[in-house]
1. Full extension from residue 183 to residue 168: what is 0.36 nm times the residue separation minus their Cα-Cα distance, to one decimal in nm?
2. For residue 80, put the label point 7 Å out on the Cα→Cβ axis and report which residues of region 44-66 keep their amide N under 16 Å from it.
């Protein structure tokens, strides 16, 4: 009887429910029903997914930038159509925007702050949201590493290596692409996440 009263009181105050009490209430049939039987709460944050995706993006980004530095120092390489590999040193923000204005380091730090918030936020409890947060995190970290260690003017004053040149779009890199894809997935994840 006490257990039933305790569960009933928790169902009226879901902010005090842990994942285990949600599961117990689901098994007993005493909790409020929502989609997926999770009472509007997903499982624990998928920080392993966020970290794995971010690590993969950082590794791929840094490897491709290392390749670009060695393979493109003598000029662009045409690939197909308007796509070419063209080495540029970007001191601005993503897609070479704001070059020469000193905004790059601040945008990178802001991006890392956003990623921390996303990683700890509600959408990181869903696989799609966790993948999105990982893509954004990996892209932000990849470009931040360039700013931190690819310059002679001190910490966070380096240039980001860009090399993907469509000739009708600003030149970008793997990190920029990951951030954009992650942002799109994050919007999708926010629509898919059930509201409380």
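Where a number appears in this text, it was derived from the coordinates with a stated rule and is not lab data. Keep in mind that what you see is a predicted model, and the values were worked out from it rather than measured. Here Cβ is always computed from backbone atoms with ideal geometry, including for glycine, and neighbour counts include all displayed protein chains.
1. Extending this stretch completely gives an extra 3.2 nm.
2. Counting only backbone N, you get no residues.
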